[in-house]
Structure formats: C-alpha cells, structure tokens
Amino acid sequence: MKKKIEEYTGPAAGWGAVKAVAQALRGQMEIGHDVIAMFDMNKVDGFDCPGCAWPDPKHTASFDICENGAKAIAWEATSKRTTPEFFAKHTVTELLSWDDFHLEDEGRLTHPMKYNPQIDKYEPIEWDEAFKQIGEKLQNYSDPNTVEFYTSGRTSNEAAFLYQLLAREYGTNNFPDCSNMCHEPTSVGLAASIGVGKATVLLEDFDKADLVICIGHNPGTNHPRMLSSLREVSKRGAKIIAINPLRERGLERFAYPQDVVEMLTLESTPLAGHYYKVRIGGDTALIKGVMKVLIERHQTALEAGQPPILDTDFISTHTHGYDALKNDVLTTGWKDILRVSGLSREAIEEIADLYSEAKNTIICYGMGITQHQHGTQNVQQLVNLLLLKGNIGREGAGICPLRGHSNVQGDRTVGITEKPSKHFLDKIAQRFGFQPPSEFGHAAVASMQAISAGSANALICMGGNLAVAMPDKEACYAGMKKLDLAVHTATKLNRSHLLTAKNTFLLPVLGRSEIDRQASGAQCITVEDSMSMVHASKGLLKPVSPYLKSECAIVAGIAKATIPATKVEWDNFIDNYDLIRDAMEVILPDFDNYNARIKIPGGFHLTNAASERRWLTQSGKANFVPTEGVIEDPKSAVNSELILATLRSHDQYNTTIYGMNDRYRGVFGQRDVVFISEGEAKKQKLKAGDKVNIIALDSNQKPTKRRLDNLTVVIYDMADRSVATYFPEANNLITLDNFDPQCGIPAYKNIPVKLEIVM
Ligand SMILES: Nc1nc2c(c(=O)[nH]1)N[C@H]1C(S)=C(S)[C@@H](COP(=O)(O)OP(=O)(O)OC[C@H]3O[C@@H](n4cnc5c(=O)[nH]c(N)nc54)[C@H](O)[C@@H]3O)O[C@H]1N2
Ligand SMILES: Nc1nc2c(c(=O)[nH]1)N[C@H]1C(S)=C(S)[C@@H](COP(=O)(O)OP(=O)(O)OC[C@H]3O[C@@H](n4cnc5c(=O)[nH]c(N)nc54)[C@H](O)[C@@H]3O)O[C@H]1N2
Ligand SMILES: [Mo]
C-alpha cells in the first residue's frame, strides 16, 4: 500500500471496520471456514475470541462483530502454511533479515522442527524424538532454576495448569509471563490496596454507572467490543471521560456495525464528551490534583455545615490510611501537579466536578497507566480516587483493568506465578504427592536478565515472542543465542524462534479455533475474561495440519520425557480434559463443580471479595496508599524535555504485525513514524513529513547509543512534551533495568528521548 498520512474523519468501527474485516478475510481465509468461525466465535459451544479479554454479554448475543477479533481469527485460520519445504529453502540467517510481518505471513506451522546448526536450517523431527531430546536435556541440568518457563496469555487454563505442574515437579518457580509486561502493577497494586488483583466490576455494572473514566487505554484498537458497552453508557446519558495523551478516535465516536440506522445514516454515537490530553507520565499528578480539589472542597463543605463531598461513612467503616493520603495530597503543590500533568487547573477542577456529580463511577485503565516506573502507584492512585467516594463494592461502580491477552488473567489464576502462595503449593503436594519448590522464581525481567547474563540453560515458551516483546533488543537477542536449549510452542514463525540456542525446537500447536480431538473425543478448554468470568471454548475448524498437537498434549509429552518418575497422571489428563479440571477443582478456590458450571452458558464468575466489600488486605480494610510527589518515572523522565510512549497500531497484535496501516490515527502503508503535537513540533523546529532519529537519554539526560533512525514526523492532536511510536520496533530504546521496582513491569510508556533531525 502507498504510504500516506491522512486524518481519519469517520467514527471508530462502522463501515471502515466492516471493510477491514472483509479485507482480512479475503487475504487469509478459505471460503467456508470464515463463515463458521465468525458466527461461532464467542457464542455458546463456540470458541473464545483470541483477540482480547473483554467479556461478552452472556455469550448468547448474536455475533458481536469486532474487526480485531475477525483479524485475529483470520490470521489463525489462514490457508497459508509454513512447511518443512519452506524451512528447507531458507536458512535461519536469511529469515532473520525478514521483517515481523513477513515471518508470520508465511502462515501456520505444520510440523515439529529442530534447528540444525550445521546447515543453519530447521528440519522436521518426529514428536516422540523431540520430546525425548528435550527431556534428556532438561534432565541434565543440575539446577532446575536455570530453566525459564514462559507463558504468553493465550494459553488455556488447562494447559497453563499442566505447565505449572511440569515446571514445579521439575523443581522451579521460574514463570516469566506476558502479564509481567502488562498488568503486573494491577496484580501487585490492587492486591495491596483492596486485597484482590482483578476487576471489581461486571459487564452489568456499565448499565448502572453515571460516569466511566477511560484512562490510558485505546479501546477502538485494543478492546473493540468494549465500544458497544461505552456506546450504551453514552446513549443512556451517562458521562464518559477520556484521559489520554493522544486523541484516540475509538474514545471519541463509535458507529456500531450492527446498528443499521447508524450505519446507513453514517451517524455515530459520541463517546467521551470530555477528553483530557495528559502529558505522558502525568497521571499520578493529575489524579492527585483531582483528589486535592475534592478533599479541599470536602473540608470547606464540612466547615460550612454543608453535605459532605466524600463518602465519610464508607471511609470510616471500610478504609485505612485516609489521613496519610489527605496529608500527602494537600502538601503536593499545584505547580508540580500542573507541570507534570501538562493540564490546566481548570481542566483538573472540571474532572473533579464530573466525579463529584456522579453517584456511581467506574475507572477503566490500560497500559498508559501500568507501563511506567510508577505503574503500581499509578494504579493505586486510581483506587484512592474511587475509595474517596465509596466507589468500590457497589453496583455501577468499581475498578476495571483492561487485560491484554485473552487468557492472561486465567493463566495467573491457575498457578502461573513466580511467587506461589504456601496454600497453593500445599494443595499441589497433597493432590499429586510431590513437593513443589517454595523458593520464589523469576518473572520476565529477571528471566531475561538470567538469559542475557548466560546463567540460564534453557527457555521453554508456551507461545509468545519473548525476546521481541521485552526491552533491550541487543541484550535479549544476544542472550537467546547463549542458551543451551530453547523450546517454542507456536502457531506461527516469529523472530524469537530464529534466535537459536544450541538446541532449538519449534513445536506447532493447535489454535483455539481448531478442533482438539483426544481419546475421549473433541475437547473444550476454559478461559477467564477481564471480569473473572470463566467459560468454555471449543474449537470448530479442522486443524491446519494433521501433525499439530494441543498445548496440553505438548506439556504432557515434555513432562513424561523429563520426569520419568512423575507423580502426575499425564496420559489420563490428555485423554480427557475433564479430568484436568477435576484436579484443578481440588486445588483452586472457587472452582468447585468446574465441569458442571462451564456447561452453563456464559460460564461462572469467580468471587471477588473486594466487590463484596470484604477486604483481604493486611489491615483488613481497603487501603488508601499515598505516593510521594507526582513523578511517575523518578529515575529519568520527568526532567526530560520529551517522553516517548510505545504503542500498538490498529493493524497489529503485540509483536504480530497484520499490516502497515493505523487507520484511526490516519497512518497508511508505514510504521516508521513518530507522533508529535503541532506545538511541540514547532518548538523542535519540525514539520510534518520531516525525518528524525530518536535518541534515548540516560537517567542524567545524556544521550545513549540507543536509537531508532529515520522516522517520519506525523503531527498529531496530542499532549506537548510527549512523543509516541510503535513497538516492537522501538524496543531497543529501553533498557532492561528501566522497570517499576515494586512489580518489575518495564516502563515501555516512559522513555526519555531527544529527536535529531535528519538533514
Ligand atoms: N488489536 C489488538 N488488540 C489487543 C492487543 C494488540 O496488540 N492489538 N494487545 C493486547 C494486549 S496484550 C494488551 S496488554 C492490551 C493493551 O491495550 P492498551 O492498554 O489500550 O494498549 P496500548 O496501545 O499500549 O496503549 C494504550 C494507550 O495508552 C496511551 N498512553 C500512553 N502513555 C500514557 C500515559 O502516560 N498516560 C495515559 N493516561 N495514557 C497513555 C496511549 O496513547 C494509548 O492510547 O490490548 C490487548 N488487545
Ligand atoms: N515497547 C513495548 N513493548 C511491549 C509492550 C508495549 O506496549 N510497548 N507491550 C507488552 C505486552 S502488554 C505484552 S502482553 C507483550 C506480548 O508478548 P508475547 O505474548 O510474548 O507476544 P505476542 O506477540 O502476543 O506473541 C505472538 C506469538 O504467539 C504465538 N501464538 C499465537 N497464538 C498462539 C496459540 O494459540 N498458542 C501458542 N502456543 N502460541 C500462539 C505465535 O507464534 C505468535 O508469533 O509485549 C510487551 N512488549
Ligand atoms: Mo499485554
């Protein structure tokens, strides 16, 4: 496609989305498949959409069309194949010169493969032989903690549960996980604040909210089905506030592809009536500003004998730490708040007005909040704001983190964690009769540090593209080459597979859309959505190759070859996944009658104590957690003239690049662009179309060697002193040690940079 920059004037979704779906299908899918797949996705007896983790209205609604879901399915159910013949033609060195789009665009992997360093090519290998060789290698390492077990969040509950059993029986808690790169601040921050690291709302709560605050997420691209919920909120006359450095089309307007009237008249529903372009990294300052206004008004009201602004009953009965929060907020100066947030005092007062007027408020947030050195504190400031008005544990109110991968939340629930609880380990020991290790293991950053230091022997990957998703390309890529063993289970070829270890295996796996037939018949798996609904998913399409195995079967194959005296009944589990669920039910709280309850349409809800105002925190209350100052990136960014956030385009799923367009942002045929505001561009003496290099700065604001060259300047409606570009291309700009010390999330949205004009 020709490169162009052209402002997108239509609403999000609408005809543009329908056209894009049609294009994706024509490019990738065989006729026939598409119809079945689309209509069964997200319905009872169908499969769960691998696109995102937004819940479905009861799973009974007619097919909720979503462009990105359609693209994700089209990408998986493609008729293209990456076969042994393909690998015979291309050396790994040659493939490394391909871009991410073309690697995956070759199509689905069809055979188990092993890398042959002599000829620098992948060659086919029989499954049993692959398992045997992997098992022998793993048995050879004297320290199980030199093996890293990565999970990317599409893995089902059943496969993830088996995977953690394998790693723990083998002897390690090394579980780097994709959630370490997205919602770790949620798991850590919410747990400390309200005792539960998950959303406290259900979809129904959106019907009762008076105000929905969308902060730091981009639903038009990343959670498109959420737009239908926001549309209902808006049509009801409830308010929506968007807080985002970039003006994102999906937060402004939405035409519902299934609403014939809206489509024919080209009308759209306005979404966020109030849009605040916070500076990148300015959310804590902004939220503290809002709380300052509220607390001051509250005090004034009380002194004047007027009704309180805050929910004093809730604060005194249910919370801990209000005075400390109040002191901190009142001593934070306006000058700092305004400088760091980049917003005016009027704007902040307006947000406070809207929040005061609303009885029920939901706050939704995503990576704009979490991917900072203060990601955990950011999340906690959002909770503080909600607690001030008792907005947790009440209908129509609560906190709503937008999860990433479609089962990232479920994977954590069933045991993918480097810090397991004693209770969980005891239950495993009781049920299976082996003693799992209690020493905490590695999360993503620690495992990549071990890999790049050369102290890790092996990396096993349940999906994903770890080396490309993590910060610091150079360190990651070099580290991967030092490994003795790398095992990738994958649907498509990606760059991490090409960073070969001494022994590298590429194992092709069934996708979620495909029939998973085992001894007892076709199997279903289960997943958990962003709102803790657990439901079944059953593939319907014929597998793309007869040589694929399910993730569960691959885990079992590796386990049996690695732990000859295993205590786990792997064969029974694989013959019938009901038996895996029976075992899970014994170990996991809230999963009783697991097999029966997933037969109910829509599945079942895992109880959430905070939403019932039971606070599983140390204080036994919901905690106000103050954060000192207003700076989200104390090491570096606040003093930097420019802060860079790395984003997803509309034609991308993480490291999977579907195409070169970012329709809602008006970018076509290219990804090598940098977004900047008109005012900031003037200051930097830049105009649209200029070419620039981005240079990362260190914590002393000095230029480093990390750079991304020759990007085209796109003037965009966004905050000043902020710039944005796409990941994964930009991942060499961030170092491995630039992360939130509380939870380890890399600060992907907070990179201090300067721009250099290419003459
Ligand atoms: N189509 C599609 N869907 C996806 C994905 C995908 O890649 N493609 N990825 C999935 C995954 S794994 C995840 S985690 C989610 C991610 O979903 P999102 O959280 O929506 O992810 P991003 O695109 O990284 O960034 C979101 C927004 O944060 C804003 N932002 C940047 N910096 C700041 C800041 O400092 N403050 C504030 N308030 N906002 C800021 C950006 O302008 C952008 O609009 O989506 C999931 N769904
Ligand atoms: N700079 C920057 N970096 C980021 C982010 C950012 O915002 N900015 N976001 C971060 C976030 S939120 C995340 S979640 C990570 C993503 O990190 P990952 O989850 O590691 O990466 P993905 O790109 O989602 O993985 C894509 C690969 O998964 C495999 N795959 C797809 N479907 C399946 C399946 O059903 N089973 C199996 N076994 N494999 C499958 C395919 O081979 C495909 O190539 O990236 C992080 N990196
Ligand atoms: Mo994510």
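The values are calculated or read from the model by the stated rules, or taken from the named source; none is laboratory data. These figures come from a predicted structure and were not determined experimentally. Neighbour counts are summed over all protein chains in view; Cβ atoms, including those assigned to glycine, are modelled from backbone coordinates with ideal geometry. Keep in mind that these areas ignore ligands, DNA and RNA; they rest on the heavy atoms of the full protein, side chains included. Shrake-Rupley method; radii C 1.70, N 1.55, O 1.52, S 1.80 Å.
Each residue of segment 573-589 in turn: what ³J(HN,Hα) in whole Hz from Karplus with 6.51, -1.76, 1.60 and θ = phi - 60°, glycine and Pro shown as x?
Calculated HN-Hα couplings, in order: 4, 6, 4, 8, 5, 4, 5, 5, 5, 4, 5, 5, 4, 6, 9, 9, x Hz.
Take peptides 744-752, 562-570 and line them up by average Cβ neighbours within 10 Å, highest first, as a rough protection proxy.
The packing order, highest mean first, is 744-752, 562-570.
No other cysteine beta carbon under 4.7 Å away is the test; run it over the chain and list who passes.
Lacking a cysteine Cβ partner under 4.7 Å: CYS49, CYS52, CYS66, CYS178, CYS182, CYS214, CYS461, CYS476, CYS524, CYS552, CYS743.
Pairs of alpha-carbon atoms within less than 8 angstrom and 6+ residues apart define the contacts here; what relative contact order does segment 639-757 have, in percent?
38 percent
Antiparallel versus total DSSP beta bridges in segment 639-757: what percent is that, nearest 5?
Bridges in segment 639-757 are about 70 percent antiparallel.
Per the Kirkwood treatment, what hydrodynamic radius in Å, one decimal, follows for segment 274-319 from the mean inverse distance over all distinct Cα pairs?
Computed over Cα pairs of segment 274-319, the Kirkwood hydrodynamic radius comes out at 12.4 Å.
Considering only DSSP beta bridges whose two residues both sit in the chain, what percent are antiparallel, to the nearest 5? Display every interim value, and only then the final one.
On the way: 40 of 91 bridges.
Restricted to the chain, the bridges split so that about 45 percent are antiparallel.
Give the cross-link partners of LYS749 among the aspartates and glutamates, using a straight C-alpha distance below 17 Å as the criterion and excluding same-chain residues fewer than 8 apart.
In chain and number order, the partners are GLU184, GLU248, ASP283, ASP472, GLU632, ASP633, GLU641, ASP698, ASP720, GLU729, ASP737, ASP740.
Equivalent-ellipsoid semi-axes (√(5λ), Cα gyration tensor) for segment 450-562, whole Å, largest first?
Working: eigenvalues 174, 56, 34 Å².
Equivalent ellipsoid of segment 450-562: 29, 17, 13 Å, largest first.
Kirkwood hydrodynamic radius, segment 184-406, all distinct C-alpha pairs: what's the number in Å?
Radius from the Kirkwood sum: 17.8 Å.
Which of the residue pairs LYS3/LYS239; LYS137/LYS542; LYS137/LYS599; LYS542/LYS567; LYS19/LYS492; LYS292/LYS621 have a Cα-Cα distance greater than 31 Å in the structure shown?
LYS3/LYS239; LYS137/LYS542; LYS137/LYS599; LYS542/LYS567
Compare the peptides 418-430, 183-195, 72-84, 465-477 by average per-residue count of other Cβ atoms within 10 angstrom and give them in order, highest first.
183-195, 465-477, 72-84, 418-430
Per residue, what volume in Å³ does the Cα convex hull of segment 639-757 take up? Write down the numbers at each step before the final one.
Details: hull volume 13.1 nm³, N = 119.
Output value, Cα hull per residue: 110 Å³.
Sort 487-495, 325-333 for me by packing, meaning the mean count of neighbouring Cβ atoms within 10 Å per residue, highest on top.
487-495, 325-333
Around ARG253, which amide H atoms from residues at least 5 apart in sequence, or from another chain, sit under 5 Å from its own amide H, with H modelled in the peptide plane?
Correct list: ALA12, LEU271.
Taking H as built 1.01 Å from N, whose amide H comes closer than 5 Å to the amide H of LEU642, not counting residues under 5 places away?
VAL753
Given H placed on each backbone N at 1.01 Å, which residues far from LYS80 in sequence or on other chains put an amide H within less than 5 Å of it?
ARG108
How large, in percent, is the carbon and sulfur part of the accessible surface of segment 184-406 at a probe radius of 1.4 Å?
Its accessible area is 52 percent carbon and sulfur atoms.
Using only C-alpha positions, report the orientation-averaged shadow area of the convex hull of segment 392-513, nm², one decimal.
Result: a mean projected hull area of 11.0 nm².
Longer than 25 Å from Cα to Cα, which of LYS277/LYS702; LYS502/LYS560; LYS288/LYS705 are they? Say none if no pair is. Intermediate results must be reported in sequence, preceding the final value.
On the way: LYS277/LYS702 28 Å; LYS502/LYS560 22 Å; LYS288/LYS705 36 Å.
With Cα atoms farther than 25 Å apart: LYS277/LYS702; LYS288/LYS705.
Provide, in order from the shortest bin, the percent of all Cα-Cα pairs of the chain in each 10 Å bin, continuing until the bin that contains the maximum pair distance.
Per 10 Å bin, starting at 0, the Cα pair percentages come out as 3, 14, 25, 28, 20, 8, 2, 0, 0.
Provide the per residue accessible area, probe 1.4 Å, for segment 221-334, rounded to a whole number of square angstrom.
Result: 39 Å² per residue.
Calculated from DSSP H runs of 4 or more alone, at -39500 (n - 2.57) each and per residue, what is the 222 nm mean residue ellipticity of the chain, nearest 500?
Taking each H run of at least 4 residues, the total per residue is -10000 deg cm²/dmol.
Once you keep just the Cα pairs under 8 angstrom separated by 6 or more residues, what percentage relative contact order results for segment 184-406?
Values: 369 pairs, mean separation 71.4, N = 223.
With pairs under 8 Å counted, the relative contact order is 32 percent.
What are the ³J(HN,Hα) couplings of segment 720-734, residue after residue, when phi is run through the Karplus curve with 6.51, -1.76, 1.60 and θ = phi - 60°? Round to Hz, x for glycine and proline.
Per residue, the Karplus-derived 3J(HN,Hα) values read 6, 6, 9, 9, 9, 8, 8, 9, x, 3, 8, 6, 7, 7, 10 Hz.
From the phi of every residue in segment 96-101, what ³J(HN,Hα) in whole Hz does the Karplus formula 6.51 cos²θ - 1.76 cosθ + 1.60 yield, where θ is phi - 60° and glycine or proline is x?
4, 7, 6, 8, 4, 4
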